[in-house]
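Participant: The structure under discussion is supplied below as C-alpha cells; questions concerning it will follow.
The values are calculated or read from the model by the stated rules, or taken from the named source; none is laboratory data. What you are looking at is a predicted structure, and each value in this text was computed from that prediction instead of being measured. Reconstructed Cβ throughout: ideal geometry from the backbone, glycine too, with neighbour counts over all protein chains shown.
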Amino acid sequence: MDKALPMTLQQSPCHETHAPTYYAASANRDLRCPSLEGDCQTDVCIVGGGFTGLNTAIELAERGLSVVLLEARRIGWGASGRNGGQLIRGVGHDLDRFMPILGEEGVDELKRMGFEAVDIVRERIARYAIDCDLTWGYCDLATKPRHLKGFEEEYAELKRLGYPHELRRVSRRNLGEVVGSTRYLGGLVDMGSGHLHPLNLALGEAAAARSLGVRLFEQSAVQRIDHGPKVRVHTAGGCVQADTLVLACNAYLDGLEPRLAGKVLPAGSYIIATERLPEALCNELLPQNMAVCDQRVALDYFRLSADRRLLFGGACHYSGRDPKDIAAYMQPKMLEVFPQLVGIAIEYQWGGMIGIGANRLPQIGRLPGQPNVYYAQAYSGHGLNATHLAARLLGEAIGGQQAGRFDLFAKVPHKTFPGGPLLRSPLLALGMLWYRLKDAV
Ligand SMILES: Cc1cc2nc3c(=O)[nH]c(=O)nc-3n(C[C@H](O)[C@H](O)[C@H](O)COP(=O)(O)OP(=O)(O)OC[C@H]3O[C@@H](n4cnc5c(N)ncnc54)[C@H](O)[C@@H]3O)c2cc1C
C-alpha cells in the first residue's frame, strides 16, 4: 500500500479531474478501467461510478443481470471518493412528517431501513474483504441545550425501534472520554455507526463489481440518452443499448436529466487533513477514535484517519464557488474546536458536492412516463449508508424480487427547487442563512 506523504500542502477542489489528494495518496489500489469505445448491449446500464452506481451494479450482478457502468471521470471521483467517511445510522431527517403519506408503519419501516443501510456496508466490506479502515464508534455532539433534549428523544426512539447496537448518553462532565474539546455540552454515542476510508471502499466495491462480471468504463461521460423500450446511452466513444437505465449521478448530474436536476441542489462541503499527529495527541483529541458531528445546519464533522491525521470537515456553500483557500477557511473552524492544534500543519484540503433535497429524504424512484429509467439521489450529506440502501432497493425492484420497499420511497413526492438553474442556488443560500441565524440562537 503506497502511503506517499506530500511535502507541501495539497489542494483538490470540487472540479478537479482527480480524487481528493489525501484519499488518493492513501488509496490502496490503482483501479484503471477503459473508456467506452464502440457499441454494446446489456440488461442494465448505470450512469455514475460512486457508491450508488457501484453498489447497484453489485446488487444486480449478484442477481444474475448483465451490467455496464459508465463514469464520466474516475471511479469514486465524485462525493463517494472525497467525503468525511462517517458511516452513520439512519436515512433522511424528521421522518415522522411523512406519516400522512406512508402511515405509521411505513415511517417505522423507513427508520429501520436506516439501520439496515449500515449493515449493508458492513456486510459488503466483509463479503468482498475490502480494506478500508472500518472502525466502529460515533458520537453526536451538542452545542445547545435543545440538542441534548433531541438526544433524549432520539435515544428513546431508537430503543423503541429495537436498535441493536450499544447507545450511550454522555454528560458534559464525561465528554472528555470521547472528545478533547470544551466546546460541547454532551453527546450521544452509537457503537453501530463509525468511520472508514471512503475512496478505498469505492475502489474495493468497483473491484467486487468487476469480479462479478460488471463492465466498468471510466472517462466515459454520457452525453445523450434516447428513451424507449430499449434505452440507448451515448458517450463520445460509443453507445450502450440496455433494457433498463439507472441514473446515479447525485450532485454531479448537471443537465443530463433536467427532470431530476431541479430536485437536487449541489452544495459544496470542505475537508482539511492535518499532518500525522503523535499518538498521545490523537488520544487527547478523540480518545476512543470515534467519528463525531455537531448538530448545526452547517455542521462540523471530524475523525482520525488510520494514519493518525485529523480530518476536519464542514461548511455548506450553495454559490457553486469554492473558497479560494480551503485550508485558510477551514483551519479556524478546527482551532475553535481544538485550540491545542495551533502550529499543526494542514497537508491536504479539498471540497466536494453534496446533493441536497428539499425534504432531505433520499430520492429513489422511476422517471415519470419512463418505466425503465430508475434513479437514486439527494442524500443531503448523509449518503455513505443511504447510497448502499438505495442500491439494495434498486436491486430488489429491477431484479423483480420485491418492489414494496422501493415503492415506499418512490411514493414520497419531491419538490423541484424554485428559481430555475440560475436562481436556485442564491435562493437556497438565502434560506440557509435563515436556518444558520436560527442555529445561532
Ligand atoms: C465533502 C463531503 C463530505 C461528505 N461526508 C459524508 C460523510 O461523512 N458521511 C456520509 O454519509 N455522507 C457524506 N457525504 C455525502 C456522500 O459522500 C454522498 O451522499 C454519496 O457519496 C453520494 O454517492 P453517489 O454515488 O450517489 O454520487 P457520487 O459519488 O457523487 O457519484 C456520482 C458520479 O456520477 C458521475 N457522473 C456525473 N455525470 C455523469 C455523466 N454524464 N456520465 C457519466 N458519469 C457521470 C460523476 O463523475 C460522479 O463520479 C459527503 C459529501 C461530501 C461532498
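Participant: Within region 29-45, can one find any residue that is surrounded by 24 or more Cβ atoms within 10 Å (Cβ to Cβ) and within 9 Å of the ligand (Cβ to nearest atom)?
Facilitator: Scanning region 29-45 turns up no residue that is surrounded by 24 or more Cβ atoms within 10 Å (Cβ to Cβ) and within 9 Å of the ligand (Cβ to nearest atom).
Participant: Here is a further query. Cβ contacts < 6 Å: first residue within 11 Å of A208 (Cβ to Cβ) and of a type in the set (A, V, I, L, M), restricted to region 54-73; second residue more than 12 Å from the ligand (Cβ to nearest atom) and part of a helix (DSSP H, G or I), any location; separation 6+ or different chain. Result?
Facilitator: Matching pairs, first to second residue: L54/A209; A57/A209; I58/A208; I58/A209.
Participant: Another question about this same structure. Under 7 Å by Cβ, and 6 or more places apart or on different chains, what pairs join a residue from region 237-257 that is farther than 18 Å from W77 by Cα with one that is of a type in the set (S, T, N, Q) and part of a loop (DSSP other than H, G, I, E, B)?
Facilitator: Pairs that qualify, where the first residue is farther than 18 Å from W77 by Cα and the partner is of a type in the set (S, T, N, Q) and part of a loop (DSSP other than H, G, I, E, B), are G237/S35; G237/S220; D243/N372; T244/N372; L245/N372.
Participant: Kindly evaluate D254 against the criterion of being within 7 Å of the ligand (Cβ to nearest atom) and either surrounded by fewer than 16 Cβ atoms within 10 Å (Cβ to Cβ) or part of a strand (DSSP E or B) (or both).
Facilitator: When the stated conditions are applied, D254 passes them.
Participant: Considering every residue within region 364-380, establish whether at least one is modelled with pLDDT under 95, surrounded by 21 or more Cβ atoms within 10 Å (Cβ to Cβ) and either within 11 Å of the ligand (Cβ to nearest atom) or polar (S, T, N, Q) (or both).
Facilitator: yes
Participant: Restricting to region 225-240, give me the number of residues that are surrounded by fewer than 16 Cβ atoms within 10 Å (Cβ to Cβ) and of a type in the set (S, T, N, Q).
Facilitator: So the answer is 0.
Participant: Kindly provide the set of residues from region 67-87 that are of a type in the set (A, V, I, L, M) and near the ligand (Cβ under 6 Å from one of its atoms), ordered by number.
Facilitator: L70, A72, A79 - these are the residues of region 67-87 that are of a type in the set (A, V, I, L, M) and near the ligand (Cβ under 6 Å from one of its atoms).
Participant: Identify the residue in region 326-337 that is surrounded by fewer than 17 Cβ atoms within 10 Å (Cβ to Cβ) and without any contact (Cβ under 8 Å) to a residue 40 or more places away in the chain and, among all such residues, is nearest to G268 (Cα to Cα). Let's see the steps before the verdict.
Facilitator: Looking only at region 326-337, we keep the residues that are surrounded by fewer than 17 Cβ atoms within 10 Å (Cβ to Cβ), and these are 328, 332, 335-336.
Narrowing further to those that are without any contact (Cβ under 8 Å) to a residue 40 or more places away in the chain: 328, 332, 335.
Details: A328: 16, P332: 18, L335: 21 Å.
Applying the filter and picking the extreme gives A328.
Participant: Restricting to region 91-112, name every residue that is within 15 Å of the ligand (Cβ to nearest atom) and either surrounded by fewer than 21 Cβ atoms within 10 Å (Cβ to Cβ) or of a type in the set (S, T, Y) (or both).
Facilitator: Across region 91-112, the qualifying residue is only H93.
Participant: List the pairs whose first member sits in region 264-288 and is closer than 21 Å to V178 by Cα, whose second member is among the acidic types (D, E) and part of a strand (DSSP E or B), and whose Cβ atoms are under 7 Å apart, counting only residues at least 6 apart or on separate chains?
Facilitator: Within 7 Å, the pairs are A273/E347; T274/E347.
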